[in-house]
1. Run the quick spin-label model on R66 and R28: label points 7 Å from Cα toward the beta carbon, then report their separation in nm to one decimal.
2. What is the sum of charges around L51, taking Lys and Arg as +1, Asp and Glu as -1, for the other residues whose C-beta is under 12 Å from the C-beta of L51?
3. What percentage of the solvent-accessible surface of the stretch 1-66, computed with a 1.4 Å probe over protein heavy atoms, is contributed by carbon and sulfur atoms?
Amino acid sequence: GIAEQLADQRAWPINKKDLHQGISLIYRNGNNLLRLINQLLDLSKLDAGQLKLNMRQGDVIAYRWRGISTSILRSFQWKKR
């Protein structure tokens, strides 16, 4: 992965553009992992009865599609570079 490439001294010198893209990818993936961990912790709290669930009516399909389409767009933007 990109972290191994950045750590591999044989790959240096790395140009600034590749370095920036690699660090950006690691940063985004770290944030995604943090968000996932927080969601799992929230589910654990909910299961233990320590989290109050605020329910409201909405369009789950539209909400989910918006998240999926945003993720797809980010993926294409990354590959385009």
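1. Computed distance between label sites R66 and R28 equals 2.0 nm.
2. Numbers: positive: K45, K52; negative: D42, D47.
Neighbour charge sum, excluding L51 itself: 0.
3. On the way: 3700 of 6350 Å².
C and S fraction of accessible area: 58 percent.
The values are calculated or read from the model by the stated rules, or taken from the named source; none is laboratory data. The shown structure was predicted, so the numbers you read here are calculated from the model rather than taken from an experiment. So basically every Cβ, Gly included, is an ideal-geometry build from the backbone, and we count neighbours across all protein chains shown. Areas reflect the complete protein model, heavy atoms only, side chains present, ligands, DNA and RNA absent. Shrake-Rupley method; radii C 1.70, N 1.55, O 1.52, S 1.80 Å.
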